[in-house]
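J.: This is the structure I want to talk about, given as C-alpha cells.
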Amino acid sequence: MESALPAAGFLYWVGAGTVAYLTLRISYSLFMAFRVWGLGHEAGVGPELGEWAVVTGSTDGIGKSYAKELAKRGMKIVLISRSQDKLNQVSSEIREKFKVETRTIAVDFASEDIYDKIKASLAGLQIGVLVNNVGMSYQHPEYFLEIPNLDDTIKKLLLINVLSVCKMTQLVLPGMVERSKGVILNMSSATGMAPVPLLTIYSASKAFVDFFSQCLHEEYKSKGIFVQSVLPFFVATNMTRIRKPSLQAPSSDTFVKSAMKTVGLKSRTNGYFVHSLVGSIVSILPSWLYFKIAMNHNKSFRAHCQKRAKKN
C-alpha cells in the first residue's frame, strides 16, 4: 500500500500537468483566433516593402486573387504563368481596374531551364512581395503505381511544386535581405499538414513547401523578412474543380482577403477561419484515425471519378 502512494502521486501530477498543458494550448489557440479573426489585422503589405509583387501561377484561382489583392494595395505586379494569352488578359484586367503597372513572364514551370529568363526579366525591380503559388496535383486520388504517366507526373510535380519555390526564392530573396524587408508567401496545402494517402506525391511536395517556409522564416525573420506557409483546405478553383463557393470552400477572392489578414501575425496559417477550425481538429486526431478518414474519403472520390470517366 505504501509503495502505491508515490506512484499514485506521480500519476496525479502527470495528469494535472497534461490538463494544464492542454488548457494553455487551447487558450492560446483561442486567443490567436480572436486576435486574427475577431479583432482583425491590417497587414502591412504594400509598396513600402518594395514597388513590385511577383506572383507565380497568376492567371487563375488563388494566384490571380493574390495578384489582384496586391494591386489593390498599390503594388506593381509581375505575373508569371504558362499561357501568354491568359497573362495578357489578367494583366489588362489588373491595369484597368487598379491603375498599376504590370509585367508578364510566360514560362512553363515544368521545365528546368526557365530561371535565367525569369532572372533577366526581374533584373532591376525592387520586389517587396513574392507569392509562390504555382502548383500541380493529380487528376483524381490514385494509388502510387497506378498514376497515369507516372514518370512524367513525378518529374512535373517535383519541378512545379518544389523546385519552383526554391528557385524563385533564390532569385528574389537577396534583394529583400539587402533592403531588410520583404514578404514571401508560399502556397502549401492542408495535404501538407499530414500525409494524405492516394495523393502521395502531391501531399509530400506540399509538406516540403511547409517545412521549407518554416525554416526560411526562422533563418531570415531577424533580417526583416516575413515568410508564410499558407495551408488551405478546399477553395473553389479550377484545380479543385469546385465550381460553387460555400462556407467550407470559399472563392479564391474570399480566401485571399482572409489569408492576407494573417500576414505579419502567423508564419503558418490555414488562411481562412473555417479552415483553421478544421486544421485544429486534424492536428489533434490520432494518426490511425486520421489515416482511416483520409484513405476512405479518397477511395470513395477515386471510385466516383472512375465511374464518371467510364460514362464519358
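Here, each number is a calculation from the coordinates, and none is a lab measurement. All figures in this text were calculated on a predicted structure; none of them were measured in a lab. Using ideal geometry, Cβ is built from the backbone for each residue, glycine included, and neighbour counts are taken over all protein chains shown.
J.: Taking Cα centroids, how far is segment 270-300 from segment 43-60 in Å?
T.: Segment 270-300 and segment 43-60 have Cα centres spaced 31 Å from each other.
J.: If the elastic network links every pair of Cα atoms under 10 Å, which of SER137, SER280, SER189 fluctuates the most in the Gaussian network model of the chain?
T.: Between SER137, SER280, SER189, it is SER280 that shows the largest mean-square fluctuation.
J.: For segment 213-294, treating each Cα as an identical point scatterer without solvent, what Debye log10 I(q)/I(0) comes out at q = 0.21 1/Å?
T.: -1.01
J.: Taking the Cβ of SER188 as the centre, find all other residues whose Cβ is under 11 Å away and add up their charges (Lys, Arg: +1; Asp, Glu: -1).
T.: Working: positive: LYS206, ARG268; negative: ASP210.
Value of the local net charge: +1.
J.: Also: Build a GNM of the chain with springs between Cα atoms under 10 Å: which of VAL172, VAL19, VAL100 gets the top mean-square fluctuation?
T.: VAL19
J.: A follow-up question, please. Quick one: go through segment 234-259 and flag any residue whose amide nitrogen is under 20 Å from the point 7 Å out along the Cα-to-Cβ line of HIS304.
T.: It comes to 234-252, nothing else.
J.: So, how do all the Cα-to-Cα distances of segment 39-92 break down into 5 Å bins, in percent, from 0 on up?
T.: Once binned at 5 Å, the Cα pair distances of segment 39-92 give 5, 21, 29, 21, 13, 7, 3, 1, 0.
J.: Taking neighbour counts of Cβ atoms within 10 Å as a proxy for exposure, in what order, fewest first, do VAL129, VAL55, VAL196 appear?
T.: Values: VAL129 26, VAL55 29, VAL196 23.
Starting with the residue having the fewest Cβ neighbours, the order is VAL196, VAL129, VAL55.
J.: What are the radius of gyration and Dmax of segment 140-278, computed over its Cα atoms and given in Å?
T.: Final numbers for Rg and Dmax: 15.9, 48 Å.
J.: What are the ³J(HN,Hα) couplings of segment 191-207, residue after residue, when phi is run through the Karplus curve with 6.51, -1.76, 1.60 and θ = phi - 60°? Round to Hz, x for glycine and proline.
T.: With coefficients 6.51, -1.76 and 1.60, one gets 5, x, 6, 8, x, 10, x, 6, 10, 4, 5, 4, 4, 5, 5, 6, 5 Hz.
J.: Calculate the length of the line joining the C-alpha centroid of segment 72-115 to that of segment 124-197, in whole Å.
T.: Cα centres, segment 72-115 to segment 124-197: 17 Å.
J.: Compare PHE144, PHE233, PHE211 in a GNM of the chain, Cα atoms joined below 10 Å, and give the one with the largest fluctuation.
T.: PHE144
J.: I would also like to ask the following. Net charge within 12 Å of VAL54 by Cβ-Cβ distance, Lys/Arg positive one each and Asp/Glu negative one each, not counting VAL54 itself?
T.: Numbers: positive: LYS76, ARG103, LYS119; negative: GLU51.
Computed value for this residue: +2.
J.: A follow-up question, please. Report the label-to-label distance for TYR143 and LYS181 in nanometres (one decimal), using points 7 Å from each Cα along the Cα→Cβ vector.
T.: The modelled label-to-label distance comes out at 5.5 nm.
J.: Moving to a separate point now. Tilt of helix 84-98 relative to the longest C-alpha principal axis of the chain, in degrees (0 to 90, nearest 10)?
T.: Approximately 80 degrees, to the nearest 10.
J.: Also, I was wondering about something else. Please report, to one decimal in angstroms, the Kirkwood hydrodynamic radius of segment 42-311 built from all distinct Cα-Cα pairs. Write out the running numbers ahead of the final one.
T.: On the way: mean 1/r = 0.0526 Å⁻¹.
That comes to 19.0 Å for segment 42-311.
J.: Can you compute the helix-only [θ] at 222 nm over the chain? Use -39500 (n - 2.57) per DSSP H run of at least 4 residues, normalise by all residues, nearest 500 deg cm²/dmol. Mind dumping the intermediate values first?
T.: On the way: 10 runs with 157 residues, N = 312.
Helices in the chain give a 222 nm mean residue ellipticity of -16500 deg cm²/dmol.
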